[in-house]
1. Residues in region 148-155: is at least one part of a strand (DSSP E or B), free of Cβ contacts under 8 Å to residues at least 60 places away in the same chain, within 25 Å of the chain's Cα centre (by Cα) and crowded, with 17+ Cβ neighbours inside 10 Å?
2. So, of the residues in region 113-147 that are under 33 Å from the mean Cα position of the chain (by Cα) and of a type in the set (A, V, I, L, M, F, W, C), which turns out to be nearest to Gly282 (Cα to Cα)?
3. Looking only at region 165-222, count how many residues are in a loop (DSSP other than H, G, I, E, B) and either under 22 Å from the mean Cα position of the chain (by Cα) or more than 23 Å from Leu81 (Cα to Cα) (or both).
4. Under 7 Å between Cβ atoms, which residue pairs at least 6 apart in sequence (or on different chains) link something in region 533-545 that is under 7 Å from Asn499 (Cα atoms) with a partner that is at pLDDT 95 or above and among the hydroxyl-bearing types (Ser, Thr, Tyr)?
5. From the set of residues in region 223-248 that are among the small types (Gly, Ala, Ser) and either free of Cβ contacts under 8 Å to residues at least 40 places away in the same chain or assigned to a strand (DSSP E or B) (or both), which is farthest from Trp312 (Cα to Cα)?
6. If you scan region 65-105, which residues turn out to be farther than 20 Å from Lys190 by Cα, surrounded by fewer than 21 Cβ atoms within 10 Å (Cβ to Cβ) and in contact (Cβ under 8 Å) with a residue 40 or more places away in the chain?
7. Just to be sure before I move on: is Asp239 crowded, with 18+ Cβ neighbours inside 10 Å and of a type in the set (D, E, K, R) in the structure I sent?
8. Considering only residues that are of a type in the set (D, E, K, R) and crowded, with 17+ Cβ neighbours inside 10 Å, which ones fall in region 106-136?
Amino acid sequence: MNLGNKVVYQIYPKSFQDTNGDGIGDLKGIIEHLDYLKELGVDYLWISPFFVSPQNDNGYDIADYRDIDPMYGTMEDFERLVEEAKKRNIYLMMDMVFNHCSTKHEWFQKALKGDPYYRDFFIFRKGRNGLPPTNWESNFGGSAWNYLPETDEYYLHLFHETQADLNWENPEVRKACCDIVNFWIDKGVKGFRFDVINLISKECYEDDLKGNGKRFYTDGPRIHEFLHELNRETFGKYDDIITVGEMASTTLENSIRYSNPDSEELSMIFNFHHLRIDYPSGNKWEVQPFRFHDLKKNLFMWQREMEKGGGWNALFWYNHDQPRIVSRIGDEDRYRKESAKMLATTIHGLQGTPYIYQGEEIGMTNAHFTDISQYRDIETLNYYTILKQKGKPEEEIYESFRRKSRDNSRTPMQWDDTKNAGFSTGEPWISVISNYKEINTLDREEDDSIFQYYRKLIQLRKTVPVIADGTFEALMEDHDRILAYKRENDSQLLYVFCNYFAEDVDVPYEVPEGCRCIISNYNEDIKPEKLRLRPYEAVMFLKDK
């Protein structure tokens, strides 16, 4: 399969389209918009979890991996979704959460009752002198261990306390996960995204005297063995299934191995290094302008090294765990359209497989909530308490959340300018952003719409071979305003130039003769001679050899 000419669209089902008026998106809502997605031109729909769940982490706390949560619909709805998508040459990518499961899952419930078979599905440890087994911190704040007074033990939860980590050292756990994947393959699923999958192999359980515990469970000692086994027993038997791993705090070396076909592990990986460019000293909740040089350095390094090692990148700006990119790096006010298109140009010209998050293709912005009561995300709510306890002023906390809360990308899809942006006839589970009358899909037929620009970028990836299979070369790496690169194959050259700021800038690079403009976010036929980029301008030039 040619991964280079495929494009994936992520749907956060809770916020995509509600069809029964309960304020929560559902599977029928996805079916309702399949023609919209076909018009956009995407190949796969990665749908965030819609399994049975208590929804403490919006579905990433799974209580039953083989059934649909009634809030989203039925198995019949799912089967119809697979069928209707296939008619449009679109295939489904399921979101598999195998590092942990909900404490409401029958596995954990049986473990609590003392069943020795299921106790070994989880990681239970005795405390130390009234303290947890280790000093590891949860990714959502607080200790990574939760105490069970009835047995005087703790269980490990790297995320929320209702998300108990699975014990992948137990072959029965691995078999159970393989059975789940095969169950959905039999349902017609053609893709899998594995949530924080590089955390499943724990090295040891001891205090981390240098950090928060991550070095003892990130890219652990048996991770490649586990992924190879998962591949061999499930999706690896098929030529038409794609996979992607979410790799938290991973390394280049491991990522190459995860995604190199010779390893027989995964098709591609998500890394997040290019999205830590506004974390001062690694602190997510501190506010700082993005560091352009660090952004370029990370994007270029991962392009070069993954190509060199035979790995494959999943290309993306954000997902359900990140703020909206036009608010984070672009200019959501004066140059929203221009900066949204420029950012899209950057990603869609690179080597890899692009991912589009719902609403990105119309330039949706951050939510700009003003009160904690508007937030739903468990991480945000936890850190509201933690930051207040640390003495951070409330307005600073809100400013941080307005920029960085995960809820910024989880607000309802803005379909039109009617009540609730056409998302629901009921009260949405989270507020619709107030700008929905100006930002929605109604303008998508206009030539200069962000939607049409994304559509053209997708078409170019499918029709211009160098975008799908060309090599990568960074250009003007030290320039403090322009991100530029070259792609090349046996028959074509592609040059991409992006201005990341609101001022005009001259391009100190001589574009070869014979290049022609194939896309411009100013909707003009740009000439490559003496190139000068306007605010947030982006352009691609193509040359046939």
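The values are calculated or read from the model by the stated rules, or taken from the named source; none is laboratory data. This is a predicted model, so every value here is computed, not measured. Neighbour counts run over all protein chains shown; Cβ positions are idealised from the backbone, glycine included.
1. Filtering region 148-155 for residues part of a strand (DSSP E or B) gives 148, 153-155.
Cutting the leftovers down to free of Cβ contacts under 8 Å to residues at least 60 places away in the same chain gives us 148, 153-155.
If we keep only those that are within 25 Å of the chain's Cα centre (by Cα) too, we end up with none.
So far as region 148-155 goes, no, none of its residues is part of a strand (DSSP E or B), free of Cβ contacts under 8 Å to residues at least 60 places away in the same chain, within 25 Å of the chain's Cα centre (by Cα) and crowded, with 17+ Cβ neighbours inside 10 Å.
2. As a first pass, look at region 113-147 and keep what is under 33 Å from the mean Cα position of the chain (by Cα): 118-125, 132-147.
Narrowing the set further to residues that are of a type in the set (A, V, I, L, M, F, W, C) leaves 121-124, 136, 140, 144-145.
Values: Phe121: 33, Phe122: 30, Ile123: 28, Phe124: 30, Trp136: 17, Phe140: 15, Ala144: 19, Trp145: 23 Å.
Among residues in region 113-147 that are under 33 Å from the mean Cα position of the chain (by Cα) and of a type in the set (A, V, I, L, M, F, W, C), the one nearest to Gly282 (Cα to Cα) is Phe140.
3. Of region 165-222, the ones in a loop (DSSP other than H, G, I, E, B) are 167-170, 187-190, 195-196, 200-213, 217-222.
Cutting the leftovers down to either under 22 Å from the mean Cα position of the chain (by Cα) or more than 23 Å from Leu81 (Cα to Cα) (or both) gives us 167-170, 189-190, 195-196, 200-213, 217-222.
Of the residues in that region, 28 qualify.
4. Filtered contacts from region 533-545: Pro535/Tyr335; Tyr536/Tyr335; Tyr536/Ser339; Glu537/Tyr522; Ala538/Thr345.
5. Of region 223-248, the ones among the small types (Gly, Ala, Ser) are 236, 245, 248.
If we keep only those that are either free of Cβ contacts under 8 Å to residues at least 40 places away in the same chain or assigned to a strand (DSSP E or B) (or both) too, we end up with 236, 245.
On the way: Gly236: 17, Gly245: 11 Å.
In this case the residue turns out to be Gly236.
6. Within region 65-105, Met71, Lys104 meet the criteria.
7. Numbers: crowded, with 18+ Cβ neighbours inside 10 Å: no; of a type in the set (D, E, K, R): yes.
No.
8. Going residue by residue through region 106-136, those that are of a type in the set (D, E, K, R) are 106, 110, 113, 115, 119-120, 125-126, 128.
Arg119, the sole residue that qualifies.
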